[in-house]
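These notes are about the structure you will find just below.
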Amino acid sequence: MTNESNDHRARSAPGTDGVDAERLLSRIVDGEATDAERAEFERLASESPELSEELAAAERAHGFLAGAVAAELDALASIGPAGGVAGGGIGTGVGSGGRFAEADEEARSGLRRRIGLVGAWGGWAVAAALLLGMFLPFGEGAVGGGEEAAAVQSAGFGFGSIDDAMRVYMQRGVESGRVVEPEPRLVLIEARPEADGMVEVRYMRQIIERALVDDVYELAPDDGGVLVPVRLDVRPRRSVAM
Amino acid sequence: MGVWRVVLDCQGDEVRSLVVAAGGGDGEALRELWRLRRGLVGAVVLAHLPRGVEAEDVVQEVAALFVRGVGSIRDPGAFDPWIRRVAVNAARDAGRAARRSSGLVAGLTAGLALNGSVSGSSVGGAWAGSAAEAEEGRRLLELARELPEDYREPLLLRCVRGLSYRAIAHAMELPETTVETRIVRARRMLRTLAIERAGTQEVRP
């Protein structure tokens with residue numbers, strides 16, 4: 001028999017040892033005690049008055065701990081899925097032939113939601129992205145130029161700066177169809193004040209690209225909660241009758 | 001103080017219905033299911049959060065896996081054990097990833113170590129008690145993180161409003177009596193730790 005079982009067995013004989021009183025006290029703190037158990041505790045407390053003080057202290061400590069946990073959980077409250085993205089295949093609901101553009105957009109949107117989950121979050125990430133986007137527009141931020149430009153040029157790429165290189169990449173990417181959205185999203189990771197009054201920001205640049213592949217898999221938890229590759233149910237486009 | 005109501009005992013049927021609907025692509029059901037269970041997820045993540053990892057990052061990962069995986073759940077009644085396992089695995093994976101990429105991650109989570117808080121997130125706004133009480137709560141939470149995992153998790157889950165022994169036992173796939181015993185022992189260990197750290201100051205978790 002395990003020690004845990006032994007602890008439990010001790011509860012069957014109230015008042016016979018400290019373990020039982022401790023368990024009763026814990027059940028009262030947790031609001032799990034029955035009326036009979038409360039009466040039993042009161043009987044024990046009448047024999048040992050320090051038990052009432054212990055109960056008060058235990059309830060107070062539990063309140064402190066629960067308050068700290070609640071505060072931590074409140075800080076996480078904004079995180080979660082914002083859209084209906086589970087189940088069903090990408091493109092479900094697309095009408096009959098001739099609506100390729102619409103289907104394309106829906107499929108793109110679905111892929112974005114199901115794979116990247118870009119924009120699927122309520123909370124700090126999206127808010128930070130919007131804020132950064134306002135103050136650090138692509139190609140005009142403090143990043144790039146100076147030493148970076150020299151480094152890029154010396155590497156033989158022939159671009160004036162990293163921003164120039166990025167601009168060329170985006171332009172060619174859009175022309176070739178590889179880059180889907182010409183405006184990358186910037187997600188704030190960390191902002192740290194510098195001694196000279198500037199603020200160093202670390203951010204993630206998100207660029208939506210497009211590629212043609214045979215199959216699409218994503219990692220999803222199985223029944224055991226273990227991540228396994230799962231083939232995405234991507235419905236093929238309907239052909240248009242000529 | 002924000003409210004994290006996770007009343008699993010009386011929400012069983014509602015959760016089962018939501019799991020079925022969310023798995024079928026109902027976005028509203030998906031969001032409602034997450035709302036009902038985010039307290040459970042958050043507490044499990046806090047209980048298994050490795051040092052140097054942000055709770056926000058792990059919860060985001062759990063939410064993403066929840067979205068991807070809810071459609072594959074065959075038994076809607078087993079949602080709570082499933083989402084708990086997902087949360088535990090995500091926290092452990094985050095710990096492994098953090099150890100692999102020590103440089104960047106250490107930089108991004110510098111605030112965690114400096115603040116000495118559990119997740120590095122703000123805790124001031126939601127705490128309705130005095131500053132001293134809030135500080136005492138944070139100190140106890142720090143100590144609770146030093147408890148063995150088997151005892152830490154049920155203790156922290158019990159701190160989530162509405163999570164009964166029965167609900168915790170269901171999520172952790174343990175007998176209710178085992179959960180109760182672990183909570184009693186966790187409190188005993190926490191009390192010992194608190195007394196050791198505080199010297200002569202008496203604290204009774």
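The values are calculated or read from the model by the stated rules, or taken from the named source; none is laboratory data. All values derive from a computational prediction rather than experimental measurement. Please note: Cβ atoms are built from the backbone with ideal geometry, for glycine as well, and neighbour counts cover all protein chains shown.
So which pairs qualify, if the first residue must be in segment B:56-68 and more than 7 Å from every other protein chain (Cβ to nearest Cβ), the second must be in a helix (DSSP H, G or I) and at pLDDT 90 or above, the Cβ gap must be under 6 Å, and the two must be at least 6 apart or on different chains?
Cβ pairs passing all conditions: B:58/B:45; B:58/B:90; B:58/B:91; B:61/B:90; B:62/B:41; B:62/B:86; B:62/B:87; B:62/B:90.
Out of all the residues in segment B:143-166, which are in a helix (DSSP H, G or I) and either of a type in the set (Lys, Arg) or more than 14 Å from the chain's Cα centre (by Cα) (or both)?
Across segment B:143-166, the qualifying residues are B:143, B:152, B:158, B:165, B:166.
When you scan segment A:216-226, how many residues do you find that are within 7 Å of another protein chain (Cβ to nearest Cβ) and without any contact (Cβ under 8 Å) to a residue 40 or more places away in the chain?
7
Of the residues A:70, A:75, only one is crowded, with 19+ Cβ neighbours inside 10 Å, within 30 Å of residue B:69 (Cβ to Cβ) and at pLDDT 90 or above; which?
A:70
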